[in-house]
Amino acid sequence: MPSPSLRLAVVGAGAAGLVAARELRREGHAPVVFERAAAVGGTWLYASPSHADPLGAAATHSSLYASLRTNLPREVMGFLDFPFTAPKLSSPAAAIDARRFPGHREVLRYLEDFARRFDLCDLVRFETEVVGVRREASGRWAVTSKKLGEKGELDEEIYDAVVVCNGHYTEPRVASIPDTWPGKQLHSHSYRVPEPFVDQVVIVIGASASAVDISRDIASVAKEVHIADRSAPASTCELQPGYNNMWLHSMTDRAQEDGCVVFRDGSTIKVDVIMHCTGYLYDFPFLGDDSTITVEDNCVDPLYKHVFPIEVAPDLSFIGLPWKIIPFPLFELQSKWVAGVLSGRINLPSKSEMMEDVKAIYLRREAHGWPKRYTHNFSGDYQFEYDDWLAEQCGHPPIEEWRKMMYAANARNKAARPENYRDEWDDDHLVAQANEDFRKHL
């Protein structure tokens, strides 16, 4: 039988927290959303970095840089029933960003519109940080929070369940560079604009989307940019097409006291700055051992379907852990599933069955030869298998075929036009299908 309305704590008011709050309320629950920023948006809130630690340790600002544009077309990005359409021409001219791959401010505008459309802001306690979550003997959860700026004021409340939506772009992962190396280091988390790198020699460690964007950004003003990619063969030293000051290398081997950095092929470069575009770590500082999860080599374990800790399911859940995905639709389907499970409308398997499923995920990872840190990597078609499984559990239609095809077309276009894929494409027929589909939601 469905349970009565539950009082639920949601940690975070980014995209995951907003859609979780909507789905939980739709299911008849009473969510309270805790957000340490002063506004909704999460990682899409642009903020100046703290200069206390350029490597970003314990930073609370977002990871956005000024020039960031989405690497997915807006049609695929949006929530399933709230299309991410271009702003109308009647909008203030300064606010219009109708590009298919818009800048970060347009994504924030979309999330703000989503929050307004579904009256979510009244559910959010802004500038309030969750500092502790403790499981009571009753099975309910004590959530301790503090209002930022108020010294010593802690508030503890009891909730039936906790939904964690705090994202995974705040705790930087950095490469190991000895303290004796005299140059400047920073993580992409603290990068905003290229001007500080004028006429400097910069090494960018990493080959992710941010590494690609930032290396090109910096190359516009730097003397030299050298990209260190651990997947590149040791002998790699390639001038990048369209540039006369940017090279791709294998990974760095060591950094020396004289300011030089040595690559695996033995080549040496005198460097001013090392930019770590090396990703982020899952971090849940407010959770204790009673959460029953561990985080080791960036694997949150053990989670059933990347959402529920098996021992305390369904009273603790995580929305938005997977990566290499289309984020917003996946967050939405996870949220629908969690909301239905909490109400008793959807049943979970037994603990032993859930653990067998977790073991199967690990076997799949090992069969692909992936390291443990790739546990939540949904590259390839797996994300759509997962999305459609969630949709089936919730009685929701599967992900639209045009969305799947557009995601694949964008990946091909990005490989063929790495410099221009955001402005040139060949899938207008899929855009037409998407716009036709959107008519039922507009």
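If we keep just the residues of the range 193-212 that are modelled with pLDDT of 95 or more and surrounded by fewer than 22 Cβ atoms within 10 Å (Cβ to Cβ), which is farthest from the chain's Cα centre (by Cα)?
D199
Filter the range 229-256 down to residues that are touching a Lys or Arg at 6+ places or on another chain (Cβ under 9 Å) and part of a strand (DSSP E or B), then give me how many there are.
Selection size over the range 229-256: 4.
Pick from the range 372-395 the residues that are in contact with a helix residue (DSSP H, G or I) (Cβ under 8 Å, 6 or more places away or on another chain) and open to solvent by 60 Å² or more (accessible area, probe 1.4 Å): which of them is farthest from F331 (Cα to Cα)? Quick ask: steps written out before the conclusion?
At the first step, the residues of the range 372-395 found to be in contact with a helix residue (DSSP H, G or I) (Cβ under 8 Å, 6 or more places away or on another chain) are 372, 374-375, 378, 383-384, 386-387, 390-391, 393-394.
Now restrict to residues that are open to solvent by 60 Å² or more (accessible area, probe 1.4 Å): 372, 374, 393.
Numbers: K372: 23, Y374: 19, Q393: 15 Å.
Out of the qualifying residues, it is K372.
Hey, does the range 328-339 have a residue that's of a type in the set (D, E, K, R), touching a residue at least 60 places away in the same chain (Cβ under 8 Å) and farther than 26 Å from D297 by Cα? Spell out how you get there, then give the answer.
So the first thing to find is which residues in the range 328-339 are of a type in the set (D, E, K, R), and the list is 332, 336.
Filter once more, keeping what is touching a residue at least 60 places away in the same chain (Cβ under 8 Å): 332, 336.
After this cut, where a residue has to be farther than 26 Å from D297 by Cα as well, the list is 332, 336.
Yes, the conditions are met somewhere in the range 328-339.
If V221 satisfies every condition in (1) among the hydrophobic types (A, V, I, L, M, F, W, C); (2) crowded, with 17+ Cβ neighbours inside 10 Å; (3) under 28 Å from the mean Cα position of the chain (by Cα) but one, which is the exception?
(3)
Check Y159, Y169, Y110 and return the single one that is modelled with pLDDT of 95 or more, among the aromatic types (F, W, Y) and either under 25 Å from W44 (Cα atoms) or open to solvent by 70 Å² or more (accessible area, probe 1.4 Å) (or both).
Residue meeting the stated conditions: Y110.
Considering only residues that are more than 17 Å from P418 (Cα to Cα) and either modelled with pLDDT under 95 or part of a loop (DSSP other than H, G, I, E, B) (or both), which ones fall in the range 213-227?
Result: V221, A222, K223.
What about L239, is it open to solvent by 60 Å² or more (accessible area, probe 1.4 Å) and either aliphatic (A, V, I, L, M) or farther than 22 Å from S176 by Cβ (or both)? Show your work before the answer.
On the way: open to solvent by 60 Å² or more (accessible area, probe 1.4 Å): yes; either aliphatic (A, V, I, L, M) or farther than 22 Å from S176 by Cβ (or both): yes.
Considered against the rule, which asks whether it is open to solvent by 60 Å² or more (accessible area, probe 1.4 Å) and either aliphatic (A, V, I, L, M) or farther than 22 Å from S176 by Cβ (or both), L239 comes out as yes.
Regarding R36, is this residue open to solvent by 10 Å² or more (accessible area, probe 1.4 Å), in contact (Cβ under 8 Å) with a residue 24 or more places away in the chain and more than 14 Å from N166 (Cα to Cα)?
On the way: open to solvent by 10 Å² or more (accessible area, probe 1.4 Å): yes; in contact (Cβ under 8 Å) with a residue 24 or more places away in the chain: yes; more than 14 Å from N166 (Cα to Cα): no.
Spelling it out, it is not the case that R36 is open to solvent by 10 Å² or more (accessible area, probe 1.4 Å), in contact (Cβ under 8 Å) with a residue 24 or more places away in the chain and more than 14 Å from N166 (Cα to Cα).
Rundown of residues vs (1) hydrophobic (A, V, I, L, M, F, W, C); (2) at pLDDT 95 or above; (3) open to solvent by 30 Å² or more (accessible area, probe 1.4 Å); (4) not assigned by the TED database to the domain that holds Y386, yes/no style:
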site	(1), (2), (3), (4)
M246	yes, yes, no, yes
V300	yes, yes, no, no
E311	no, yes, yes, no
F318	yes, yes, no, no
P322	no, yes, no, no
P329	no, yes, no, no
L333	yes, yes, no, no
V338	yes, yes, no, no
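For the range 113-129, give me each residue that is open to solvent by less than 60 Å² (accessible area, probe 1.4 Å) and acidic (D, E).
D113, E129
Return yes when E424 is open to solvent by 80 Å² or more (accessible area, probe 1.4 Å) and assigned to a loop (DSSP other than H, G, I, E, B) and no when it is not.
Details: open to solvent by 80 Å² or more (accessible area, probe 1.4 Å): yes; assigned to a loop (DSSP other than H, G, I, E, B): yes.
Yes, satisfied.
Exactly one of (1) assigned by the TED database to the domain that holds V33; (2) of a type outside the set (S, T, N, Q); (3) part of a loop (DSSP other than H, G, I, E, B) is unmet by D199. Its number?
(1)
Mind listing whichever residues of the range 396-421 are surrounded by 15 or more Cβ atoms within 10 Å (Cβ to Cβ) and among the charged types (D, E, K, R)?
Selection gives E400, R403, K404, K414.
Restricting to the range 172-192, and then to whatever is within 30 Å of A16 (Cα to Cα) and in a loop (DSSP other than H, G, I, E, B), can you tell me which residue is least open to solvent (accessible area, probe 1.4 Å)?
If we take residues in the range 172-192 being within 30 Å of A16 (Cα to Cα) and in a loop (DSSP other than H, G, I, E, B), then Y191 is least open to solvent (accessible area, probe 1.4 Å).
Looking at (1) in a loop (DSSP other than H, G, I, E, B); (2) among the basic types (K, R); (3) open to solvent by 80 Å² or more (accessible area, probe 1.4 Å); (4) within 30 Å of A219 (Cβ to Cβ), which is the one condition that is false for K440?
With respect to (1) in a loop (DSSP other than H, G, I, E, B); (2) among the basic types (K, R); (3) open to solvent by 80 Å² or more (accessible area, probe 1.4 Å); (4) within 30 Å of A219 (Cβ to Cβ), K440 is out only on (4).
The values are calculated or read from the model by the stated rules, or taken from the named source; none is laboratory data. Source: prediction; values computed, not measured. For neighbour counting, all protein chains shown are included, and Cβ atoms are generated from backbone atoms with ideal geometry for every residue, glycine included. Side chains included, ligands, DNA and RNA excluded: accessible areas come from the protein's heavy atoms. Shrake-Rupley method; radii C 1.70, N 1.55, O 1.52, S 1.80 Å.
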